[in-house]
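The values are calculated or read from the model by the stated rules, or taken from the named source; none is laboratory data. Computed from a prediction, not measured in an experiment: that's the story for all the values here. Because the Cβ atoms are built from the backbone with ideal geometry, glycine has one as well, and the counts that use them run over all protein chains shown.
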Amino acid sequence: MNKDKDMSNQILMKGNEALAEAAIIAGCRFYFGYPITPQNEVPAYMARRMPEVGGTFLQAESELAAINMVYGAAAAGARVMTSSSSPGISLKQEGISYIAGAELPCVVVNIMRGGPGLGNIAGSQGDYFQATRGGGNGDYRNIVLTPATVQEMADLAVLAFDLADKYRITVLILGDGFLGQMSEALTLPKPSGNTFEKPWALTGAKGRKPNKVASLRLIPDVALEELNLVLNEKYKKITKSECRSESYKTEDAEYLLVAYGTSSRICKQAVNELRKEGIKAGLFRLITAWPFPAEALQEASAKAKKILTVEMSLGQMIEDVKLSVKNPERVDFYGRSGGMLPETDEIKRRIKAYGN
Amino acid sequence: METKKFKYVYDRPEALVDKTTHYCPGCGHGIVHKLLAEVIDELGVREKAIVVAPVGCSVLIYDYMNFDGCEASHGRAPAVATGLKRVNPDSVVISYQGDGDLLAIGTAEAIHAANRGENFTTIFINNAIYGMTGGQMAPTTMEKQVTKTTPTGRDPMDVGYPIRGCELLNTLEAPVFIERCSIYDFKSTLKTKKAIKKGIKNQIEGRGYSFIEVLSTCPTNWGMKPQKAAEWVRDVMEPYYPLGNFRDN
Amino acid sequence: MRGKPIIDTDKCKGCELCNGVCPVNIMSMSETFNKQGVAYAVCIDEEKCTVCRACATICPDMAIQVIKYE
């Protein structure tokens, strides 16, 4: 939410462009991307802005090439980003797996569209599984941030680069086509001021032993397991310290909506309208989808008689909700798919029906 | 014990790690790794060098080179090299790739990095077969050559003809150096070293993209002793993949 | 003699490439086996060595160094 009542430092920006500008504010100077709707504004914005700040923009020959350019740039120690939408993110899964195994930091943006396959170009939330369950091969996780406003598209972009460098991990910003395309007022964030040493980066073996960036561990036979144990420790640490969520009117909520991104905006509207009618509704909104904010959700759902997860899919986040809450038989689902938006009136109708 | 005074006129380059490689006896990789290390030493760029490894027998090249090394997924080395070089233009980035890496799965990345004129050096090891995975057909496998996936010999009517990488890249505007060489004998090996040196020098001088294709051997998967394999390169591969310089700008 | 190859017999993998490139045919293979279980390269007539370095250059395993007498 905007902290200032003073509007003079507010500007109107499209979600995709706000995210791109915030990446630059965060010190990202390398962007590799490929056109795909509905995120085309990101590469277009970067093509214009990167040269202005002495950075590098490169339109790669495919999303696959782009993620591998990200891999190289991250290996060299730079803050680097790529963006795409669902089918393009599928192409990147191999690269993201390698990045996880090699423990490289980077930011990947998925402006989700309807799927599966070529789907359509409207916003959706159909890639939650892909984002939070790994997507590529192997036992790994990415941090997944889920903005719900243009302001958050910017704020979370700045956070993403810090988390990536701090933990040497991919941070996936999971937006959707509506968020990417809408224009809202925002205050551009400031840089965090955090710096991170990268002694492992490939900067040339001057005055030190050669560095290697690799995910291959052949010898001895336990070497790969050792790497996986290291990764696992990292993920445990992140799960402990980096969960983020918003609990909106949940203290006394009898009916709890759980959502993220664009569907959470619709839910918030529904909560406000229900409250006006005297119904104790609340919203628990993910800001990190991984690590999943289970503890905060348990707290928010403590008094709830019913928990309604609302998604722009036919039920992906609901699995994490059921795994996290006590008495998961309380959990119900409402969703639309293929780029269609859930409706406030339908949410209200269902909540009211629970009361009967 | 030597009583006369002498000096070493051939010794291990500093850029080559003193480690027995996992390569088969007579494998061309061992020779080319050595040539690359010698060139890196002679040009004094060991502390700036970064080798990008392919997926193939030489996936562990970074264990044998005494400088920074980076793994890449199969075929993506030119994209990884692009990222590395764009971040640090002063580094000396070598993309070392095999025939599947460069001409099958990685064709798009290979062509586009060359097309952009990325200022790094590609060493392309063409041994007409997929060695690491046990001897399957490569895009550069010769017509009628028997491999695990062409057990009755490569049939061009079914799987196409071998691809000539140098000629393909030679249709692009940007590359500044394209040469095909070999390591089947002493003379050809010296020419390969010269070509690699030119490719690295071009990079140091910021001149653009250099491509060196090396016709190499895979004695194990060809089912030949190393010397016979070297002769097969000369007698069967070279007529189809002519040696020589295609471009030297 | 002008010089000669110094062969690290345990590094040699027995590929015999050095035999093939020596212009004066003084490279051959041993009768016995090294630590790797293969016959290794031997120089059978050091007097004839021309210090051309062909053997060392072609050796894929850096098993051959060459010295030149001053």
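Remarks
- Among the residues of segment C:25-65, the ones that are surrounded by 15 or more Cβ atoms within 10 Å (Cβ to Cβ) and part of a strand (DSSP E or B) come to 11 in all.
- The condition of being crowded, with 20+ Cβ neighbours inside 10 Å, more than 12 Å from the chain's Cα centre (by Cα) and at pLDDT 95 or above holds for only one of C:Gly3, C:Gly20, that being C:Gly3.
- Residues of segment B:101-158 classified as surrounded by fewer than 16 Cβ atoms within 10 Å (Cβ to Cβ), closer than 26 Å to B:Ala81 by Cα and at pLDDT below 95, total: 1
- Helices (runs of 4 or more DSSP H) contained entirely in segment B:134-249, each with at least 1 residues that are more than 14 Å from every other protein chain (Cβ to nearest Cβ) and acidic (Asp, Glu): B:156-159, B:165-169
- Whichever residue in segment B:69-96 is within 16 Å of B:Ile204 (Cβ to Cβ) and either of a type in the set (D, E, K, R) or under 17 Å from the mean Cα position of the chain (by Cα) (or both) and, among such residues, is farthest from the other protein chains (Cβ to nearest Cβ): B:Ile94
- In this entry, B:Asn88 is excluded by the filter for residues that are surrounded by fewer than 24 Cβ atoms within 10 Å (Cβ to Cβ), in contact (Cβ under 8 Å) with a residue 60 or more places away in the chain and of a type outside the set (Gly, Ala, Ser).
- Within segment A:123-131, not a single residue is assigned by TED's automatic domain parsing to the domain that holds A:Val144 and more than 24 Å from A:Thr288 (Cα to Cα).
- For segment A:315-356, a residue qualifies if it is more than 20 Å from A:Ala300 (Cβ to Cβ) and part of a helix (DSSP H, G or I), and the qualifying residues are A:Thr344, A:Asp345, A:Glu346, A:Arg349, A:Lys352, A:Ala353.
- Positions within segment B:7-52 being more than 7 Å from chain C (Cβ to nearest Cβ), in a helix (DSSP H, G or I) and of a type in the set (A, V, I, L, M, F, W, C), in sequence order: B:Val32, B:Leu35, B:Leu36, B:Ala37, B:Val39, B:Ile40
- Residue list for segment A:237-253, filter: farther than 19 Å from A:Leu156 by Cβ and either of a type in the set (Val, Ile, Thr) or in contact with a Phe, Trp or Tyr (Cβ under 9 Å, 6 or more places away or on another chain) (or both): A:Lys237, A:Thr250, A:Ala253
- Among (1) over 11 Å from the mean Cα position of the chain (by Cα); (2) more than 7 Å from chain B (Cβ to nearest Cβ); (3) at pLDDT 95 or above, the one test that C:Met27 misses: (1)
- Checked against (1) without any contact (Cβ under 8 Å) to a residue 40 or more places away in the chain; (2) hydroxyl-bearing (Ser, Thr, Tyr); (3) within 30 Å of A:Ile266 (Cβ to Cβ), A:Thr195 passes all but a single condition, namely (3).
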